[in-house]
1. Among R29, R156, which comes first, second and so on when ranked by fewest other beta-carbon atoms within 10 Å?
2. Quick check on the stretch 154-271: of the DSSP beta bridges with both residues there, what percent are antiparallel, nearest 5%?
3. May I ask what percent, to the nearest 5, of DSSP beta bridges between residues of the chain are antiparallel?
4. Quick query: amide H of D70 versus all other amide H atoms, modeled in the peptide plane; which residues come in under 5 Å with a sequence gap of 5 or more or a different chain?
5. Could you grab the relative contact order for the stretch 1-130? Cα pairs under 8 Å, six or more apart, rounded to a whole percent.
6. Tell me, Y101, Y41, Y36, Y15 in order of fewest to most beta-carbon neighbours within 10 Å?
7. Treating the beta-carbon of each Lys and Arg as +1 and of each Asp and Glu as -1, no other charges, what is the dipole magnitude of the chain about its Cα centre, to the nearest 20 debye?
8. Please report the net charge: other residues with Cβ closer than 12 Å to the Cβ of K110, K and R +1, D and E -1.
Amino acid sequence: MNRDHTLFRPPSEAYSLILRIADGCPWNRCTFCGMYKEVPYRFQSLEEVGVQVSNAGETWPDAGRVFLADGDVMALPFEHLRSVLQLLNERFPKLARVNMYANGDSIRRKTDGQLRELHALKLNTLYMGLESGHDPTLKAVRKRETAAEMAEAANRAQACGLRMSTMLLIGLGGQAHSAEHADATAEIANRMNPRFLSALRVIPVPGTALYEEEQAGSFLQVTEFQAVEEIRRIIQGLELDNVIFRANHSSNILPLAGRFPQDKERLLHELDALLTSGRLDTRHPGAAPFSL
Ligand code: SF4
């Protein structure tokens, strides 16, 4: 089959060996997401993975970090995932970490014993899109899980030794639900206390249902000013312990980075300075980054 579709990976996996052991996303229904819209979901047989691992082993025999693509690799059957990890451990003697995207529902379908077994085989960081802690917003964008289900999944995974890297989306509630989205997102993030928390701004891209909704006028994007207000409101509500926070994706209006709890006040001051600068567009969403 044609495997030419764009490969997505978190920025922090820039130096990892990336193995695409599945194509697309098994859910593929979130209205804001255009990542795998035209990609029929399929995961590779163990034979196919074996060939890929063997070839990669010729070129990168010392690989220490591996990222498994595409979306929600945790959705693969447990036995299959375990076999893939065993193959990686056999082929890469210096292997330290295997990371992947994992949705709440897929984590919840694994038992604690299975999560621990995968962790023992060096599964390390799970990247999970929380997007919002506000259930009406999650429902509106056709996210599969409720906020409480994602919090439960994250907490179980962490109790089994895995690290959570959680993403949230600024502006996902639109103008109608900006404040509720912010408050509920901070509350769920607090309940999760993931190792890493990152914020991106949602930008409706052509080809997605959210874009159509925006064109039809049923989804009103937050203005540039409101987007900054929203992230300030989220940060104000965060009570995290030992969490690395990033909002430095190109979609963000102001790049932010810090650790919680010690950098919270600094981040709020940076945002306050921008909010009072008069530089933000109070009527429109502002320019979208070139990369989108
Ligand atoms: S946001 Fe994640 S779960 Fe939703 S369709 Fe995109 S890849 Fe799939």
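Please treat every number below as a calculation from the coordinates, not as lab data. Nothing here was measured: the structure is a model prediction, and the numbers come from that model. Please note: Cβ atoms are built from the backbone with ideal geometry, for glycine as well, and neighbour counts cover all protein chains shown.
1. Ascending Cβ contact count within 10 Å gives the list R29, R156.
2. Expressed as a percentage, antiparallel bridges in the stretch 154-271 total about 35.
3. 20
4. Here I21, A22, D23, G24 satisfy the definition.
5. This gives 26 percent for the stretch 1-130.
6. Numbers: Y101 25, Y41 16, Y36 20, Y15 8.
Ranking Y101, Y41, Y36, Y15 by Cβ neighbours within 10 Å, fewest first, gives Y15, Y41, Y36, Y101.
7. Result for the chain is approximately 560 debye, rounded to the nearest 20.
8. Local net charge: +1.
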